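The values are calculated or read from the model by the stated rules, or taken from the named source; none is laboratory data. These numbers come from a predicted model, not from an experiment. Counting neighbours? That spans all protein chains shown, and the Cβs are built from the backbone with ideal geometry, glycine included. Ligands, DNA and RNA are excluded from the accessible area calculation, which covers all protein heavy atoms including side chains. Shrake-Rupley method; radii C 1.70, N 1.55, O 1.52, S 1.80 Å.
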Amino acid sequence: MPRPVQRLLQLRGPRALSEPRLAKLLASLKKLDAGVRSAAAEFRYFIESDSELQAPERRLLERLLDDGSPRPPPAPGTLYLVVPRLGTISPWSSKASDIAHNCGLAPVKRIERGTAFYIDGGAKDLSAPLHDRMTQ
């Protein structure tokens, strides 16, 4: 019997860090590499589903994930994508997935949230200060 095809949808979310937290991150990155010019962070949502979401389902999902804040403009730099460690399900994911199911989004199997960091400038690998090695 063939296995169902799993689909993965990625949606942009709002800013992940406040201005003070972003300034603190930028300062710590500049200590590691003086060539760093800017840093930005936004949430990314990853939706695993059994089938392609129909337009009404996708609109509902987007409304559920919308916190009302504006989407940040695209940022320059190298993308560092930080997501929960493979094989784990974050508490955020469990709650978001339950909410989606309770709203009638049956095709959705799991929703996970990650953070997309954009670091502009610098020549070193700057991934270490961007994530927690135990959970991400």
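Here is a list of conditions, (1) free of Cβ contacts under 8 Å to residues at least 12 places away in the same chain; (2) in a helix (DSSP H, G or I), and PRO74 meets all of them except one; can you say which number that is?
Looking at each condition in turn, PRO74 falls short on (2).
Restricting to segment 114-129, what's the tally of residues that are of a type in the set (A, V, I, L, M), modelled with pLDDT under 90 and surrounded by 14 or more Cβ atoms within 10 Å (Cβ to Cβ)?
1
Using the structure shown, decide if LEU9 is open to solvent by less than 90 Å² (accessible area, probe 1.4 Å), more than 16 Å from LEU130 (Cα to Cα), touching a residue at least 24 places away in the same chain (Cβ under 8 Å) and outside any strand (DSSP E or B). Explain how you work it out, then say what you get.
Working: open to solvent by less than 90 Å² (accessible area, probe 1.4 Å): yes; more than 16 Å from LEU130 (Cα to Cα): yes; touching a residue at least 24 places away in the same chain (Cβ under 8 Å): yes; outside any strand (DSSP E or B): no.
Answer is no for this residue.
Looking only at segment 31-47, filter to residues that are closer than 30 Å to ILE89 by Cβ and not aromatic (Phe, Trp, Tyr); which one of those is surrounded by the most Cβ atoms within 10 Å (Cβ to Cβ)?
Step by step, filter segment 31-47, then rank; the result is ALA39.
Has segment 89-107 got any residue that is farther than 19 Å from PRO14 by Cβ, in a strand (DSSP E or B) and open to solvent by 40 Å² or more (accessible area, probe 1.4 Å)?
Initial filter on segment 89-107 (farther than 19 Å from PRO14 by Cβ): 89, 91, 94, 97-98, 101-107.
Subsequent filtering for residues that are in a strand (DSSP E or B) retains none.
No: segment 89-107 contains no residue that is farther than 19 Å from PRO14 by Cβ, in a strand (DSSP E or B) and open to solvent by 40 Å² or more (accessible area, probe 1.4 Å).
Is it the case that ILE111 is of a type outside the set (Gly, Ala, Ser), in a strand (DSSP E or B) and either without any contact (Cβ under 8 Å) to a residue 60 or more places away in the chain or surrounded by 13 or more Cβ atoms within 10 Å (Cβ to Cβ) (or both)? Step through it out loud before you land on a result.
Working: of a type outside the set (Gly, Ala, Ser): yes; in a strand (DSSP E or B): yes; either without any contact (Cβ under 8 Å) to a residue 60 or more places away in the chain or surrounded by 13 or more Cβ atoms within 10 Å (Cβ to Cβ) (or both): yes.
Judged against the criteria, ILE111 is a match.
Mind telling me which of the residues LEU64, LEU60, LEU81 ends up being touching a Gly at 6+ places or on another chain (Cβ under 8 Å), closer than 19 Å to LEU9 by Cα and assigned to a helix (DSSP H, G or I)?
Working: LEU64 fails: touching a Gly at 6+ places or on another chain (Cβ under 8 Å); LEU81 fails: assigned to a helix (DSSP H, G or I).
None of the others qualify; the one that does is LEU60.
Just the residues that are under 17 Å from the mean Cα position of the chain (by Cα) and open to solvent by 50 Å² or more (accessible area, probe 1.4 Å), please, taken from segment 51-75.
Within segment 51-75, the subset under 17 Å from the mean Cα position of the chain (by Cα) is 61-75.
Scanning segment 51-75 gives GLU62, ARG63, LEU64, ASP66, ASP67, GLY68, PRO70, ARG71, PRO73, PRO74.
Is segment 128-136 home to any residue that is among the acidic types (Asp, Glu) and either within 17 Å of TYR45 (Cβ to Cβ) or in contact with a Gly (Cβ under 6 Å, 6 or more places away or on another chain) (or both)? Walk me through it before giving the result.
Step one: of segment 128-136, the residues among the acidic types (Asp, Glu) are 132.
Cutting the leftovers down to either within 17 Å of TYR45 (Cβ to Cβ) or in contact with a Gly (Cβ under 6 Å, 6 or more places away or on another chain) (or both) gives us none.
No, there is no match, as no residue in segment 128-136 is among the acidic types (Asp, Glu) and either within 17 Å of TYR45 (Cβ to Cβ) or in contact with a Gly (Cβ under 6 Å, 6 or more places away or on another chain) (or both).
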